[in-house]
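A.B. asks: Attaching a single structure in structure tokens format; questions to follow.
What follows is calculated from the coordinates using simple rules that are stated; it is not laboratory data. Please read all numbers here as calculations on a predicted model, not as lab measurements. As a convention, Cβ positions derive from the backbone with ideal geometry for all residues, glycine included, and neighbour counts pool all protein chains shown.
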Amino acid sequence: MEKKANETALQQQKAEITEYHIYKRLSDACEEGHNKKLLAKIADDELRHYHIWENISGKEIKHNRLKVFYFVWLARIFGLSFALKLMEGGEARAQEVYEKVAKVYPEVVQIQSEEEEHEHELIDILKDKRLAYVGAIVLGLNDALVELTGTLVGLSFAFSDNIVIGVTGFIMGIAAALSMASSGYLASQEGEENEDINPVTAAIYTGVAYLVTVILLVFPYFLLESVKQAMVLMLVITLLIIAAYNYYISVAKDVPFRKRFLSMALISLGVAAISFGIGFLAKAWLGVSI
């Protein structure tokens with residue numbers, strides 16, 4: 001029991017010093033204010049926890065540089081809330097470890113208590129301003145997936161030239177992205193009760209989300225020669241985009257992943273199936289072949 005507890009102590013010691021560096025880097029990146037002070041405080045606590053584990057193990061351990069790099073850049077790209085939520089999941093698993101190790105090393109009880117306190121302190125910080133624009137991103141992303149997936153599947157059965165399909169889809173996508181950006185601007189102006197949302201920023205989020213989705217979906221038609229292979233790859237990319245987006249939202253906002261993923265996937269693939277029928281009929285009845 002003691003040998004296993006000592007091995008666990010070494011693992012937790014490495015985790016504590018790694019989290020110290022993560023919180024320290026995140027604190028340094030924050031502007032002056034409550035979040036900066038709180039992250040600095042938690043970093044100091046993690047360093048103190050490291051030294052408690054060090055007294056238990058009698059060894060000095062270096063932090064995981066790759067993990068620090070990963071979480072710092074995750075926060076920069078996807079927001080502080082998303083990165084901290086993932087770290088919070090690791091803390092939940094650590095609580096089980098503390099309960100077992102505390103039977104051998106009573107001083108671990110203090111660490112467990114302070115880690116639980118960190119979870120409560122982080123609640124306010126997890127309200128990332130970037131999440132206020134999730135609605136704008138959904139507007140662009142969802143519309144692009146539904147409209148362009150259907151359009152490209154329809155064109156794939158109406159036309160036989162991948163370049164024609166790709167260029168047509170791209171031109172339509174750019175026009176639609178500009179249209180959606182303006183719709184996002186007007187929609188955010190209507191929501192005046194939410195002072196956190198800037199109409200121009202909302203429009204940019206909507207337009208960029210739409211345009212990036214367009215580029216990803218038309219890419220297979222410029223990459224492959226076979227229309228069917230390009231269409232299959234486009235549908236796979238559609239599902240990957242839906243999965244990635246819903247994973248982000250499920251972590252950042254604590255909502256179920258599976259239900260949201262299946263809902264978006266069924267809508268996009270359902271429209272694609274209808275478009276398949278329309279494209280097939282257009283080719284069969286109208287004799288369209290390019």
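A.B. asks: Tell me, what ³J(HN,Hα) does each residue in segment 231-243 have, in order and in whole Hz, if you take phi through Karplus 6.51 cos²θ - 1.76 cosθ + 1.60 with θ = phi - 60° and put x for Gly and Pro?
C.D. replies: Values, residue by residue: 5, 5, 5, 4, 5, 5, 4, 4, 5, 5, 5, 4, 5 Hz.
A.B. asks: What's the exposure ranking of 201, 151, going from fewest to most Cβ atoms within 10 Å? Write out the running numbers ahead of the final one.
C.D. replies: Numbers: 201 16, 151 22.
Ordered by Cβ neighbours within 10 Å, fewest first: 201, 151.
A.B. asks: Could I ask something else about it? ³J(HN,Hα) across segment 68-75 via Karplus (A = 6.51, B = -1.76, C = 1.60, θ = phi - 60°), whole Hz, x for Gly/Pro?
C.D. replies: 4, 4, 4, 6, 5, 6, 4, 5
A.B. asks: Same structure, new question: Can you put 258, 25 in order, fewest other beta carbons within 10 Å first? Intermediate values should be presented prior to the final figure.
C.D. replies: Working: 258 9, 25 16.
If I rank by nearby Cβ atoms, fewest first, I get 258, 25.
A.B. asks: Counting other C-beta atoms within 10 Å, which of 221, 247 has the fewest, and how do the rest follow?
C.D. replies: Arranged by neighbour count, lowest to highest, 221, 247 become 247, 221.
A.B. asks: Still on this structure, please answer the following. How big is the convex hull of the Cα atoms of segment 235-275, per residue, in Å³?
C.D. replies: Cα-based convex hull of segment 235-275, divided per residue, equals 49 Å³.
A.B. asks: Right, something else. Using the Cβ atoms and a cut-off under 12 Å, what net charge is assigned to the surroundings of residue 250, where Lys and Arg are +1 and Asp and Glu are -1?
C.D. replies: +4
A.B. asks: Also, I was wondering about something else. Please turn the phi angles of segment 83-88 into ³J(HN,Hα) values with the Karplus equation 6.51 cos²θ - 1.76 cosθ + 1.60 (θ = phi - 60°), one per residue in order, whole Hz, x for glycine and proline.
C.D. replies: Computed from phi, the couplings for segment 83-88 are 5, 5, 4, 5, 5, 4 Hz.
A.B. asks: Which pairs, out of 41/253; 14/41; 14/59; 14/253; 36/85; 59/85, put more than 22 Å between their alpha-carbon atoms?
C.D. replies: Over 22 Å Cα-Cα: 41/253; 14/253; 59/85.
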